Structure formats: structure tokens, C-alpha cells
Amino acid sequence: MTKVLVPDQAGIARAINALLASGLVAFPTETVYGLGAVATNDKAVARVFLAKNRPADNPLIAHVASLADASALVVVDDRARALAEAFWPGPLTLVLPSKMGSPVSRLVTAGLPTLALRVPSHPVARALLTQLGLPVAAPSANRSGRISPTRAEHVVQDLGGLIDLVLDAGGCPVGLESTVIDLSVPIPAILRPGGVPREAIERVIGPLGDVEDSSVKRSPGMMTRHYAPGRPMRLDASSAGPREAFLAFGAVPENRALLVRNLSPSGDLSEAASNLFQMLRELDQAAVEAIAVTSIPGDGLGEAINDRLQRAWPGRRGSST
Ligand code: TXA
Ligand code: MG
């Protein structure tokens with residue numbers, strides 16, 4: 001049975017005990033819920049891949065409490081330090097060369113010479129990491145190929161019975177996964193757009209490179225239909241028909257949709273990001289033939305929002321209704 005706990009001191013203490021006993025604990029971060037296991041424990045990390053049905057060649061992000069803790073695991077250069085000082089704790093993941101003799105399980109890195117690291121800002125994640133004092137490997141707490149969970153209920157729907165417990169802190173404020181940036185190459189590149197916009201990163205370390213020049217290429221987890229809902233999606237839709245659900249942004253165009261959700265009536269990209277996965281889940285469960293989505297600006301958080309929509313149903317831009 002998967003227990004759902006209030007993340008007070010007693011709940012966090014039970015989560016720590018479960019983690020130390022090679023257990024799996026889903027916990028809230030500011031981006032999405034993570035499925036945590038102690039990153040130095042091969043057996044626990046193996047259970048993460050099993051529970052998610054995740055391919056073993058897709059590496060995990062290790063979560064730590066501070067830049068100092070990160071420095072024990074990876075080689076931190078000036079660029080990484082500048083980014084960590086600007087955005088940690090927060091929704092940015094740095095891919096850096098692992099240090100010789102790193103205690104992190106090779107299952108976490110899928111055998112790569114690099115490790116992806118992040119210091120989350122959510123108070124529950126921070127309390128957990130600080131009190132545990134060990135790195136926690138945590139992919140998003142969904143079955144592989146499904147939408148990332150932004151509420152404890154989503155975790156239970158996907159992984160109930162397969163994991164030990166969930167710390168329930170309600171909705172995740174950012175609502176999109178972290179930005180993953182490869183710093184193990186001469187010219188850093190974004191492997192996955194996310195909660196920290198490209199523009200903000202470039203203000204700190206200058207222009208970023210193209211992911212195709214990166215030695216890592218795209219993150220293994222960035223295969224196209226990664227976030228797929230079950231229903232077909234129609235992007236850049238100017239309206240919606242009678243058998244469709246309609247996902248809007250800003251003013252809602254006239255439409256005949258069965259069901260309408262608005263990511264942000266005022267056209268605010270942060271609000272849209274925090275609503276995206278919850279609304280996609282709702283619309284995906286509705287009895288509709290397809291989900292029509294209005295166009296969403298591509299700047300700031302819009303890059304990550306459009307990336308997730310494209311990935312949900314690639315190649316369907318530009319049709320008319
Ligand atoms: O916001 C987030 O990042 C959430 C929360 C829980 O922290 N975690 C998350 O993890 O989204 P996951 O496993 O769903 O996505 C991690 C991404 C994958 O695309 C994976 O391929 C990539 O990071 N990644 C991990 N380690 C890597 C490495 N060493 N090199 C390149 N990409 C890596
Ligand atoms: Mg994921």
C-alpha cells in the first residue's frame with residue numbers, strides 16, 4: 001500500500017526512514033512531484049526504474065541540499081557556479097562531469113560520465129534533503145511516457161501500490177519540469193527547456209549553443225512522444241469543434257467545444273505553466289475526440305510550454321478549426 005502523508009515533521013521523518021530502508025518516496029518540488037530514492041543505493045535506484053517502467057538508459061537527476069553538496073559529486077566550473085548562484089535553489093538542472101570516486105549509483109547516470117544535479121526550492125524537498133544529508137535521485141513521479149504529476153493525486157493514480165509513500169503538499173507552483181542544461185561541453189546547451197527560461201540563463205553565462213553540437217545530444221528522456229496524453233491534440237487551433245475539448249490561453253475564441261479550460265485568462269505564462277499538466281490530464285480524461293489548443297507565445301516559459309505540447313502530439317500544427 002502507498003501511504004499519503006502530510007509533510008509535517010513526523011511525515012518527513014517517516015519519509016527519511018523509508019528512504020534509508022531502500023524505499024521509494026514521492027515528494028513535492030516546485031516543478032513537479034519527484035519519485036525519490038537514495039542516489040547512492042543501487043537497490044533503491046533499481047526500484048525507481050521498475051516502478052516507472054523507465055528504460056535503463058535514461059539517467060536520473062540527483063537532488064541535493066546545496067551547491068556545497070553538489071561539489072562533492074561533480075566538477076563545478078565557473079559557469080556552473082554562476083548558474084547555481086543565480087538559480088539555486090530552483091528549477092534548473094546542471095549536467096556536469098562526475099567526480100572520480102563519486103558514491104552515486106551508476107544506475108542513476110545510466111553509465112554516463114556526467115551527472116545531472118539540482119537543488120530544489122520547495123520547502124518540503126529542502127527539509128527532506130537537508131535532514132537526510134544524502135543525494136536523492138528523483139525522476140518525475142509518473143509512469144514512463146505519461147504526463148508529469150503536479151499533485152499528489154496524480155502520483156497515486158500512476159504509481160499507487162508501487163511505491164512506499166507520498167508526501168502531499170498540494171499543487172506544484174512552477175508546474176513544469178526543470179530546465180536541463182549541459183555544462184559538460186565547451187558551449188553549454190539546453191537539453192530540455194523548463195522552469196528557468198533560456199533568456200534568464202543567457203543573461204548569466206552568455207549565448208547558449210545548439211543541442212545538436214552537444215556531446216550528449218538530446219537527453220535520452222527527450223524522445224518525442226514523452227508526455228503523451230491518450231487523446232490526439234491539435235495545436236495552434238483558432239477554434240474548437242463540437243467533439244473537441246479546447247485548451248485556451250488569454251481571451252477564448254468563439255468555439256463549439258464540449259469542454260473549455262483556460263491556461264491563463266490574463267495571458268500570463270507562469271500561470272499557464274502551473275496549470276498545464278493538471279488541465280491536460282482533465283481534458284485527456286474527458287469523453288472528447290481530440291484536444292484543440294490555441295497558440296501560446298514562445299518566449300520565456302512559453303518555450304517549455306510549447307515543447308511539452310509538441311511532444312504530447314508532434315506534427316499537428318496549423319490546421320484550421
Ligand atoms: O523538475 C524536474 O527536473 C523533475 C523534478 C522531480 O526534479 N525531475 C524530472 O526528472 O523531470 P526526469 O527523470 O523526468 O527528467 C530528467 C531529464 C531526462 O530527460 C534525462 O534524460 C535528463 O534529465 N538527464 C538526466 N541525467 C542526465 C545526464 N547525465 N545527461 C543528460 N541528460 C540527463
Ligand atoms: Mg519525467
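Every number here is computed from the coordinates shown, using simple stated rules; none is lab data. Note that this is a predicted model, so its numbers are computed, not measured. Virtual Cβ from ideal backbone geometry, glycine too; neighbours counted across all protein chains shown.
Contact order for the chain, expressed relative to its length and based on alpha carbon pairs under 8 Å spaced 6+ residues apart, stands at 20 percent. Backbone phi angles across segment 109-125, fed through the Karplus curve with coefficients 6.51, -1.76 and 1.60 (θ = phi - 60°), yield HN-Hα couplings of 8, 6, x, 6, x, 10, 10, 8, 10, 8, 10, x, 9, 4, x, 5, 4 Hz in residue order; Gly and Pro are listed as x.
Counting beta carbons within 10 Å around each of S140, S71 and listing the fewest first gives the order S71, S140. Cβ crowding within 10 Å, taken as a proxy for footprinting-reagent exposure, orders V75, V32, V288 from fewest neighbours to most as V75, V288, V32.
Taking amide H as placed 1.01 Å from N in the peptide plane, T93 has its amide H under 5 Å from the amide H of T179, V180, I181, each at least 5 places away in sequence or on another chain. A simple rule links phi to the HN-Hα coupling: the Karplus curve 6.51 cos²θ - 1.76 cosθ + 1.60 with θ = phi - 60°, which for segment 273-283 gives 4, 6, 8, 3, 5, 4, 5, 4, 4, 4, 5 Hz, with x for Gly and Pro. The smallest convex shape that holds all Cα atoms of the chain, its convex hull, gives 120 Å³ per residue.
Close amide H pairs (under 5 Å, H built 1.01 Å from N) link V4 with V166, residues at least 5 positions away or on another chain. With θ taken as phi - 60° and the Karplus curve 6.51 cos²θ - 1.76 cosθ + 1.60 applied, the whole-hertz 3J(HN,Hα) list for segment 76-87 is 9, 8, 4, 5, 5, 4, 4, 5, 4, 5, 7, 10 Hz, x standing for glycine and proline.
Here r is the Cβ-Cβ distance between K99 and R243 and R0 is 51 Å; the resulting FRET efficiency, rounded to 0.05, is 0.40. This ranking places L94, L24, L258 by how few other beta-carbon atoms lie within 10 Å of each, fewest first, which gives L258, L24, L94. Model label points for N53 and A72, set 7 angstrom from Cα along the Cα-to-Cβ axis, are 3.7 nm apart. Projecting label points 7 angstrom from Cα along Cα→Cβ for R203 and R311 puts them 2.5 nm apart.
Its DSSP H runs of at least 4 residues, each contributing -39,500 (n - 2.57), put the calculated 222 nm mean residue ellipticity of the chain at -8500 deg cm²/dmol, to the nearest 500.
For L20 and V252, the difference between the fully extended length at 0.36 nm per residue and the C-alpha to C-alpha distance is 78.6 nm. Assuming R0 = 41 Å, can you tell me the calculated FRET efficiency for the pair A287 and A82, based on Cβ-Cβ distance, to the nearest 0.05? Using R0 = 41 Å, I get an efficiency of 0.25.
Amide H contacts of A169: A152, each under 5 Å away and 5 or more positions distant or on a separate chain (H built 1.01 Å from N in the peptide plane; Pro and chain starts excluded). In plain terms, the chain from S295 to Q9 could stretch by 98.6 nm, reckoned as 0.36 nm per residue minus the Cα-Cα distance.
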